[in-house]
Every structure is written in C-alpha cells, then in structure tokens.
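K.L.:
Questions regarding the structure given below will be posed in turn.
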Amino acid sequence: MKFIMNILVSAVAVLFTAWLLPGVQVTDFVSALLVAIVLAFLNTVVKPVLTILTIPITFFTLGFFLLVINAGMIILASKLIPEFHVSGFWWALLFSLILSLVTSILNAFVGNNDKKEED
C-alpha cells in the first residue's frame, strides 16, 4: 500500500513540476503515473549500477556527478514514454531537483514518511 501511495504522490509531483517548467511536458495524469513508475524502476535498478560505475568521477566532483546521473534518468524516462518530453539536459536537471523537493513536501504533507509508526 505504501508503494502505491509513493507512486501516486510522485505522479502528482511530476504533474506539478511539469506544469511549473516550460521545458517539460506531460500530457495527462495517466502519463504522469507512468513516468512515476518508470522513474521508480530506473532509480531502483539502473541508478545504483551507474552510481557504482561512476564512483571515481563522483568522488572527484564531490558528489555533484550524481546530479548528472539523476538528469540522465529523467532523459531516459522521456525517451521511454512518448507522452513525457524534456527539452534538454538542463531542463532534466532542473526537473530532477524540483521533483525531489516537491515530492518531499508532498510526502510530508500526506504523512508518507519512511519512519515506522509506533502503535
């Protein structure tokens, strides 16, 4: 149930962030839901592999290369989903940063934290 709530919150965050940025387009809520699912998959499977493979450059750049990996995940998602379009790398980077912020705010508002609730 928590996974479904995370996906729904992420879909709303994708819609809001795409509305906010002129370089990013999402056609409707179903497309945003698909983007949230694809990003969850990419962040679970592809991102850890890329992070491990790029440890030297990530270390050299003091971790800022992880932002490039995040933008790459956004661009890859836009290639996989026709209803989701990102105009370029910088829009993907900005989308990634704002999406993280909006998702965090929505999760706090909804009460969908990673903390375990005590009975």
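K.L.:
I want to verify the translational diffusion coefficient of the chain in µm²/s; compute it with Stokes-Einstein, Rh as the Kirkwood radius over Cα pairs, at 37 °C and 0.692 mPa s.
P.N.:
Numbers: Rh = 14.9 Å.
Calculated translational D: 221 µm²/s.
K.L.:
Sticking with this structure for a sec: In a shell of Cβ-Cβ distance under 14 Å around residue 35, excluding residue 35 itself, what net charge do Lys and Arg (+1) and Asp and Glu (-1) give? Write out the running numbers ahead of the final one.
P.N.:
Values: positive: 79; negative: 28, 83.
So the environment of residue 35 carries a net charge of -1.
K.L.:
State to the nearest 20 debye the size of the charge dipole of the chain about its Cα centre, where the only charges are +1 on K and R beta carbons and -1 on D and E beta carbons. Before the final figure, lay out the partial values.
P.N.:
Working: 5 positive and 6 negative charges, 58 e Å.
In debye, rounded to 20, the chain gives about 280.
Read-outs: derived from the displayed coordinates by stated rules, not from any lab. These numbers come from a predicted model, not from an experiment. With ideal geometry, Cβ positions are generated from the backbone for all residues, glycine too; neighbour counts draw on all protein chains shown.
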